[in-house]
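The values are calculated or read from the model by the stated rules, or taken from the named source; none is laboratory data. Since the structure is predicted, the reported quantities are computational estimates derived from the model, not experimental observations. Note that each Cβ is placed from the backbone with ideal geometry, even for glycine, and that neighbours are counted across all protein chains shown. Accessible surface areas use protein heavy atoms only, side chains included; no ligands, DNA or RNA. Shrake-Rupley method; radii C 1.70, N 1.55, O 1.52, S 1.80 Å.
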Amino acid sequence: MEQVVTENQKKTKQKVYLSVNKFTLIIALYYTLVFNYTFISSFETAIVALDTFSYGFAISVPFFLFFVLSLLFSLFTVKYITKPLFIIVTVLSSTVFYASLMYGIVFDYTMIQNIYETDNSEASTYINFAAVMFVALTGIVPAYAIYKVNINYQPALQTLKSKAVLMLTMLAGILIIAFSYYQNYASVLRNNSQLKRTIVPTYYLGSSVKFFKKEFFTAPIKYQVLGTDAKVIKPEENGKPNLVVIVVGETARAMNYSYNGYQKDTNTYTQNQGLVSFQNVSSCGTATAVSLPCMFSDMSREDYDSHIVKHRDNVLDVIKKSGIDVSWIDNNSGCKGICNRVDNFNIPTDSEHELCDGAYCYDERLLSELEQKIGQTEPNDKLIILHLIGSHGPTYYRRYPQTYKKFVPDCPRSDIQNCTDEALINTYDNTISYTDYVLSRVIEQLKVKENTFNTSMLYISDHGESLGENGLYLHGLPYSIAPDHQTKVPFLLWLPDQFAVTNKIDKQCIINNAKVNEYSHDNLYHSLISIMNVQTSDYTQDLDIFADCRSNPSIIQ
Ligand SMILES: [Zn+2]
């Protein structure tokens, strides 16, 4: 029989058409089985660990998620919106899935803030072959399929009807599971609060909405001025101004310092310079975007609010008001707003400088800037902050020159989870050792100035890092569940006799306290006010680490 095929039919034959509902179900199934692998497998692990194991409950988990996602996605499978929306969300979800699967990263409010405040060169360090292949296969290929597929949109009323049927069916599925296993779900979710944070795409999209809402649509906050009464009152004069350098570390964790009992020699350069190491110091956050503004603010970790802090003076503003020169020199991704009202300088990363490669500079680069800054103005009291790139991952190997590669073999790649534990930790320890070298050079520089200044140096890191312990890498976990690797930071003080004597600080008392007392970033604001001999009502003596050890109480308000 002769076939009669019209042009239109030919076209129809070549193309694949999907109804809106079929499209929704396929996407929901893909998200359930691929992007929510972490969620489902962690959930199943939690179920297996229960005293009473139920097969029905275990099997219901992927179905429950599938029903929920289908119901949710149905709301967005609307003509003109479906394709662009799901193309973007699929690529984003694939990236999120990679980061959580490989590094255990949680995309909460703070992580979204980190991503938003990260510069390009920082973001590019996460790109490597494995990551690109992963996102290409699980994100770009499906996104291309979404782009190519033909969705058969029916007239509005008909679409509405079939959507309603699909949504009611999914709702029925959800309700049946909820009625059968409500207690089980409630109990597992209550005891494993981290589980909901791994659901893709709802959790990271929800966090993003929260962040952008707060960032851009919150009522303006009145700016809070602090330290209007700030003035310098010195306990004793020896004719020399004070010069204090604060070195702010990046991603350095306390346990990898020989000073804190680490078995490897990561502090060889400074070991004869008489540094005091505070043994138990907690960070304010687990990421730069939180820790940095928090440690310089008068807000405690519990009270810290990322929105309020932007509309409030910090300790640098208070110290500047007392007449002390305050300068910030940055070799990282900026000061996150802290240095906006004081003298500040970002080191350019142009590869023309031998210590820079176009994207980053080694921290040694800060030394010449420090020298210049000290000599720039008349010798009066100065506070200079050096912001290191320190141990910024995952490209730890790019933080130190080859000549400072002390621990080998190292891991010269960014997909660090594919290195052996030994190589990864060697690489990280090389960054700690190189930071130690830079600190030793800062101290040498300050020693030379002792004829003109009473000099001192303080080093503190912003947060720690996970290096594969319990399958976790990098940092940024919610504080409540973050391990000590991410929250315990090194805090070192170089307090030469000249400075200690003139400023009436009992060094032995500090050494003793450093061994036994617990400190945190909450102490920094008040301790900086104290070490600079600033008197102000915006100061709390209890949080000043020097307060107990100053023989002249007149300085203490
Ligand atoms: Zn950081």
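Tabulated values for the structure
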read-out	value
Matching residues, the range 440-473, being among the hydrophobic types (A, V, I, L, M, F, W, C), within 16 Å of the ligand (Cβ to nearest atom) and under 12 Å from Gly249 (Cβ atoms)	Ile460
Enumeration of residues in the range 89-133 that are exposed (fewer than 15 other Cβ atoms within 10 Å of the Cβ) and without any contact (Cβ under 8 Å) to a residue 12 or more places away in the chain	Asn120, Ala123, Val132, Met133
Lone unmet requirement of (1) away from the ligand (no atom under 16 Å from the Cβ); (2) not in a loop (DSSP other than H, G, I, E, B) for Tyr269	(2)
Residues within the range 508-522 that are open to solvent by 10 Å² or more (accessible area, probe 1.4 Å) and either without any contact (Cβ under 8 Å) to a residue 24 or more places away in the chain or β-branched (Val, Ile, Thr) (or both), tallied	4
Any hit, the range 511-527, residues being part of a loop (DSSP other than H, G, I, E, B), touching a strand residue (DSSP E or B) at 6+ places or on another chain (Cβ under 8 Å) and either within 16 Å of the ligand (Cβ to nearest atom) or closer than 24 Å to Ser193 by Cβ (or both)	yes
Which listed residue, of Pro379, Pro409, is under 29 Å from Phe546 (Cβ atoms), open to solvent by 10 Å² or more (accessible area, probe 1.4 Å) and either within 16 Å of the ligand (Cβ to nearest atom) or in a loop (DSSP other than H, G, I, E, B) (or both)	Pro379
Residue satisfying all of: in the range 320-337; part of a loop (DSSP other than H, G, I, E, B) and within 16 Å of the ligand (Cβ to nearest atom); modelled with the lowest pLDDT among these	Ser333
Test result for Ala143, open to solvent by 30 Å² or more (accessible area, probe 1.4 Å) and small (Gly, Ala, Ser)	no
Where a residue in the range 370-383 is over 11 Å from Ser327 (Cα atoms) and its partner, wherever it lies, is in a helix (DSSP H, G or I), with Cβ under 7 Å and at least six apart	Glu371/Gln445
Among the residues listed as Val232, Val247, Val225, the single one being crowded, with 18+ Cβ neighbours inside 10 Å and of a type in the set (Val, Ile, Thr)	Val247
Candidates Asp305, Asp317 - the one that is acidic (Asp, Glu), under 27 Å from Lys382 (Cβ atoms), open to solvent by less than 50 Å² (accessible area, probe 1.4 Å) and more than 16 Å from the ligand (Cβ to nearest atom)	Asp317
Selected residue (criterion: nearest to the ligand (Cβ to nearest atom)) from residues of the range 277-302 that are in a strand (DSSP E or B) and open to solvent by 10 Å² or more (accessible area, probe 1.4 Å)	Ser282
Single condition Ser414 does not satisfy, out of (1) outside any strand (DSSP E or B); (2) modelled with pLDDT of 95 or more	(2)
Count - residues of the range 240-260 that are within 16 Å of the ligand (Cβ to nearest atom) and not hydrophobic (A, V, I, L, M, F, W, C)	5
All positions within the range 18-73 that are farther than 25 Å from Arg190 by Cβ, among the β-branched types (Val, Ile, Thr) and open to solvent by less than 60 Å² (accessible area, probe 1.4 Å)	Val20, Thr24, Ile27, Val34
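To keep it simple, each residue is scored yes or no on (1) under 23 Å from Ile531 (Cβ atoms); (2) under 19 Å from the mean Cα position of the chain (by Cα).
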{"position": "Asp305", "(1), (2)": "no, yes"}
{"position": "Lys320", "(1), (2)": "yes, no"}
{"position": "Val326", "(1), (2)": "yes, no"}
{"position": "Cys335", "(1), (2)": "yes, yes"}
{"position": "Asn346", "(1), (2)": "no, no"}
{"position": "Tyr362", "(1), (2)": "no, no"}
{"position": "Lys382", "(1), (2)": "yes, no"}
{"position": "Gly390", "(1), (2)": "yes, yes"}
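Yes/no matrix, rows are residues, columns are (1) outside any helix (DSSP H, G or I); (2) farther than 13 Å from Asp330 by Cα:
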site: Arg341; (1), (2): yes, yes
site: Glu354; (1), (2): yes, yes
site: Glu369; (1), (2): no, no
site: Lys373; (1), (2): no, no
site: Ile384; (1), (2): yes, no
site: Ser391; (1), (2): yes, yes
site: Tyr397; (1), (2): no, yes
site: Thr403; (1), (2): no, yes
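Here is a yes/no grid of residues against (1) farther than 18 Å from Ala28 by Cβ; (2) out of contact with any Phe, Trp or Tyr (no Cβ under 7 Å at 6 or more places or on another chain):
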position: Thr159; (1), (2): no, no
position: Val165; (1), (2): no, yes
position: Met170; (1), (2): no, no
position: Ser187; (1), (2): yes, yes
position: Leu195; (1), (2): yes, no
position: Thr198; (1), (2): no, no
